[in-house]
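Below you'll find the structure, written out as structure tokens, and then a few comments.
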């Protein structure tokens, strides 16, 4: 079922003019890009199977490449409902139909929280719609089943309400009085987290850098617009270069015994000898 869902997602994204890369044995299954929109997608049959380790690493990678991480699944114990947003470890989780609608800018406004299903009322929009229809606070309060004081509170600011009340308001005014949730709005702050001599060297050179263990590279580093993906070892992934190209990144291999062909590569000693960031960047650009 997971492979079928990956195929369906890939086909939809390709038809929507995304460039799509499918990956295996990593913390994300699909990397999709269309202009400046970059998506890291974890695909699961059951979202409850996702690990926090995978989510944390997806968030790290997303922050460095300017992407949005999401989980797409069919269920999370129970079936995921259409046009409802869920979360797993604070990562947006949704089904295929909700994702398709979001790509088409039809974002969900109902989400599942610990309090159950809720929606966010846009106060100014609610007041405007009520006045357009000529409804009094008292009349609307009776229709919704709350006090007129509560309706007044709704109109003065954004309020989270239960799905029962939300559906009553929806029946009266439609979806435009609710705050949609743009699943593609991400604002991840880049943070360094070194565990190896190599990532520490990147940091010493003025880069932000982090080691990864569940991604198709071993280190990710950024300095301004310069993004570098680094593999450590003598065996490189065959899709390493194409992944870097998709992300407008440079790639580097730090090898031990066997130097790879057609890709920038240095030994550990050579890498640690770089004194300045621009020396490393110049080496990568001139390859």
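Values in this text are rule-based calculations from the coordinates and carry no lab data. All figures in this text were calculated on a predicted structure; none of them were measured in a lab. Backbone-built Cβ (ideal geometry, glycine too); neighbour counts: all protein chains shown.
Label point of residue 16 set 7 angstrom out along Cα-Cβ; within segment 96-127, amide nitrogens under 14 Å from it belong to 96-108.
Note that segment 197-286, at 4 °C in a medium of 1.567 mPa s, gets a Stokes-Einstein diffusion coefficient of 100 µm²/s from its Kirkwood radius over C-alpha pairs.
DSSP finds beta bridges in the chain, and of those with both partners inside it, around 60 percent are antiparallel. Each of residue 52 and residue 213 was given a label point 7 Å from its Cα along the Cα-to-Cβ line. The distance between the two points is 1.5 nm. Extending 7 Å from the Cα toward the beta-carbon at both residue 24 and residue 192 defines two label points whose distance is 3.7 nm.
Rounded to the nearest 10 degrees, the angle from helix 52-65 to the longest Cα principal axis of the chain is 80 degrees.
Quick one: angle between helix 277-286 and the longest Cα principal axis of the chain, in degrees between 0 and 90, rounded to 10, please. The angle comes out at about 80 degrees.
Comparing 133, 125, 34 in a Gaussian network model of the chain, where Cα atoms under 10 Å apart are tied by springs, the biggest mean-square fluctuation is seen for 133.
Among beta bridges from DSSP that stay inside segment 197-286, the antiparallel ones total about 55%.
Using just the helices of the chain, give the 222 nm mean residue ellipticity in deg cm²/dmol: DSSP H runs with n ≥ 4 each add -39,500 (n - 2.57), and the total is spread over all residues, rounded to 500. Walk me through the numbers on the way to the answer.
Details: 11 runs with 105 residues, N = 287.
After summing the helix terms and dividing by the residues of the chain, the value is -10500 deg cm²/dmol.
Cut-off 20 Å, label point 7 angstrom out along Cα-to-Cβ of residue 286: give me the residues of segment 237-269 whose amide nitrogen falls inside. From segment 237-269, the list is 250-255, 260-269.
Pulled fully out, how much extra length does the chain show between residue 45 and residue 131, if you take 0.36 nm times their separation in residues and subtract their Cα-Cα distance?
On the way: separation 86, 0.36 × 86 = 30.96 nm, distance 4.55 nm.
Contour length minus Cα-Cα distance gives 26.4 nm.
Note on residue 273 and residue 237: the model spin-label points, each 7 Å out from Cα along the C-beta direction, lie 3.0 nm apart.
Provide the FRET efficiency to the nearest 0.05 for the residue 156-residue 114 pair, computing r from the beta carbons and using R0 = 22 Å. Can you show the working numbers first?
Details: r = 25 Å, r/R0 = 1.15.
Using R0 = 22 Å, I get an efficiency of 0.30.
Comparing 243, 44, 126 in a Gaussian network model of the chain where C-alpha atoms under 10 Å apart are linked, the largest mean-square fluctuation is found at 126.
Of all DSSP-defined beta bridges confined to segment 2-106, some 60% are antiparallel rather than parallel.
If you run the Gaussian network model on the chain, springs between alpha carbon atoms under 10 Å, then out of 116, 66, 233 the most flexible one is 116.
If we count other beta carbons within 10 Å of each Cβ, what is the order of 135, 92, fewest first? Could the numbers behind the result be given before it?
On the way: 135 16, 92 23.
If I rank by nearby Cβ atoms, fewest first, I get 135, 92.
Relative contact order of segment 117-177, taken over Cα pairs closer than 8 Å and 6 or more residues apart, is 53 percent.
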